[in-house]
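Colleague: Starting off with a structure, shown below.
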Amino acid sequence: MTLNADGTYSVITTFKKGFKKVFDHEERTSGKWHLKDGTLTLTATAATERPKIGQVYSFRITSVNESEVLYVDNATGQRRVEWKLR
C-alpha cells in the first residue's frame, strides 16, 4: 500500500499460492485516502477487480513509528502491520 501526499493511494496484492495465482497473480486498487481521529479511510476509485470500485475501507491506527504502522481493520477486527520500505 502506498499513501501519497496528494491524498491518493495505490495497493498491489500479489497472490503467492493457490488457484488465484494461476489466473490472476496480482490485483491493483487505487483511490483516495483520508485520515481523521486515528482512522484511515480508503475509497477505491479504480481496480482490476470491478466489484472493488466504490468500496470504502476503514482502519484504526494503533501505532506509528519510522519503520511500521500497526492498525486494526474496522470491518474484520484483524490486526495488521505495514512496514515502511522507503
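The values are calculated or read from the model by the stated rules, or taken from the named source; none is laboratory data. A quick note: this is a predicted structure, and the numbers were derived from the prediction, not measured. For accessibility, only protein heavy atoms count, side chains too; no ligands or nucleic acids. Shrake-Rupley method; radii C 1.70, N 1.55, O 1.52, S 1.80 Å.
Colleague: Is it the case that Leu85 is modelled with pLDDT under 90 and open to solvent by less than 60 Å² (accessible area, probe 1.4 Å)? Steps first, please.
Modeller: Details: modelled with pLDDT under 90: yes; open to solvent by less than 60 Å² (accessible area, probe 1.4 Å): no.
Answer is no for this residue.
Colleague: Could I ask something else about it? Go through the residues of the stretch 5-14 one by one and say whether even a single one is open to solvent by 60 Å² or more (accessible area, probe 1.4 Å), modelled with pLDDT of 85 or more and in a strand (DSSP E or B).
Modeller: Yes, there is a match, as at least one residue in the stretch 5-14 is open to solvent by 60 Å² or more (accessible area, probe 1.4 Å), modelled with pLDDT of 85 or more and in a strand (DSSP E or B).
Colleague: Based on what the data block shows, is His34 of a type outside the set (A, V, I, L, M) and modelled with pLDDT of 85 or more? Let's see the steps before the verdict.
Modeller: Working: of a type outside the set (A, V, I, L, M): yes; modelled with pLDDT of 85 or more: yes.
Yes: the conditions hold for His34.
Colleague: Continuing with this model, one more query. Across the stretch 26-68, what is the total count of residues that are farther than 16 Å from Ala5 by Cα, of a type in the set (A, V, I, L, M) and open to solvent by less than 50 Å² (accessible area, probe 1.4 Å)?
Modeller: In the first step, residues of the stretch 26-68 are kept if they are farther than 16 Å from Ala5 by Cα; the result is 26-29, 37-39, 44-68.
Checking the rest, the ones that are also of a type in the set (A, V, I, L, M) come to 44, 46-47, 53, 56, 61, 64.
So of that shortlist, the ones also open to solvent by less than 50 Å² (accessible area, probe 1.4 Å) come out as 44, 46-47, 61.
Summing the residues that are farther than 16 Å from Ala5 by Cα, of a type in the set (A, V, I, L, M) and open to solvent by less than 50 Å² (accessible area, probe 1.4 Å) in the stretch 26-68 gives 4.
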